[in-house]
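To keep things clear, I will list the structure first and then write my remarks on it.
The values are calculated or read from the model by the stated rules, or taken from the named source; none is laboratory data. This is a predicted model, so every value here is computed, not measured. Positions of Cβ are generated from backbone atoms using ideal geometry, with glycine treated the same way; all protein chains shown enter the neighbour counts.
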Amino acid sequence: MYPVKLSKARAAVVDLMLVPAQNRLNTTAALWAALQQSNPTYCQLLSAINKDAGAHWDKLLTEVNALIPIDFLNLLTAMRAIALPSGKTPFDYLKAVDWDKSPQQDRFWIWADRALIGDVKAGAKKGHFGRERNPGAFHPDATLSYKEKQLGEANVQLTFHENDTKTIDGIDCVMVEPDIDYYKDLGAHAIFEVIPNALTHSLTNPTEVYVLRWIAGQTVGIPEFAPIYTITS
């Protein structure tokens, strides 16, 4: 288990879900061998292009600061819970993680069936997503970006790089950059997240995202947000 330090601004929020501010990550259930049994599709996404993904994944997961794989687990768990007009979820469109674009603790890059764009746009027409104008300002080279609107905080944002394409198993794919912001409002996101992160040379913390999304989900009554790791005292 690995120690986690939450920001002072959100230490009080952690108490709301009865998780101590001083806590540890337990990632045993997410090790590659266990993941192959519990969530083989995750392994397929990770290894579709990089055949050494298992060793790479376990190395990331067993580092003292395991925030990169934690972010991956957060995002896949969240994307599996977003209902799109087609009856699919964003997770259903994912094809292969792009390891050439090094994953970070607040985002990763993944190839997805281009049809995801149309499904998200359809969801936006129903009010389930909000479009971010000028996505390249926060996501270099991005052409399109939408954020889900079902929660008060910690919503998934799907940012598309439509000019970055690849054919996988005969399917036309585009690069997607998913992330989860602390704040729903774009202004609050810029003032309280993007600017402080830039000034302190830090990134959004996936353990804080876990806390916020868990609470936000309980508030609106959706199924519990439960990625394949735990935060313990």
Legend entry - Output for segment 85-101, where each listed residue is outside any strand (DSSP E or B) and over 21 Å from Glu148 (Cβ atoms): Asp98, Trp99, Asp100, Lys101
Inset, instruction - Give the residue that is modelled with the lowest pLDDT, with candidates limited to residues of segment 133-181 that are buried (at least 21 other Cβ atoms within 10 Å of the Cβ) and part of a loop (DSSP other than H, G, I, E, B). - result: Asp181
Legend entry - Filter result for Lys101 (basic (Lys, Arg), farther than 21 Å from Val174 by Cα and either modelled with pLDDT under 95 or in contact with an Asp or Glu (Cβ under 6 Å, 6 or more places away or on another chain) (or both)): no
Inset, instruction - State the number of residues belonging to segment 114-132 that are under 27 Å from Asn205 (Cα atoms) and assigned to a loop (DSSP other than H, G, I, E, B). - result: 2
Legend entry - Close pairs from segment 66-93: first modelled with pLDDT under 95, partner among the hydroxyl-bearing types (Ser, Thr, Tyr), Cβ under 6 Å, at least 6 apart: Ala66/Tyr2; Ala66/Thr27
Inset, instruction - Please state which one of Ala115, Ala137, Ala122 is more than 19 Å from Asn74 (Cα to Cα) and in contact with a Leu (Cβ under 9 Å, 6 or more places away or on another chain). - result: Ala122
Legend entry - Residue check for Phe72: under 14 Å from Asp179 (Cβ atoms) and under 13 Å from the mean Cα position of the chain (by Cα): yes
Inset, instruction - Mind listing whichever residues of segment 182-225 are outside any helix (DSSP H, G or I), modelled with pLDDT under 85 and hydroxyl-bearing (Ser, Thr, Tyr)? - result: Tyr183, Ser202, Thr204
Legend entry - Of all residues making up segment 104-122, the number that are in contact with a strand residue (DSSP E or B) (Cβ under 8 Å, 6 or more places away or on another chain) and without any contact (Cβ under 8 Å) to a residue 40 or more places away in the chain: 2
Legend entry - Filter result (free of Cβ contacts under 8 Å to residues at least 60 places away in the same chain and surrounded by fewer than 16 Cβ atoms within 10 Å (Cβ to Cβ)) within segment 36-55: Gln36, Gln37, Pro40, Thr41, Gln44, Lys51, Asp52, Ala55
Inset, instruction - For Trp111, indicate whether it is of a type in the set (Phe, Trp, Tyr), under 18 Å from the mean Cα position of the chain (by Cα) and in a loop (DSSP other than H, G, I, E, B). - result: no
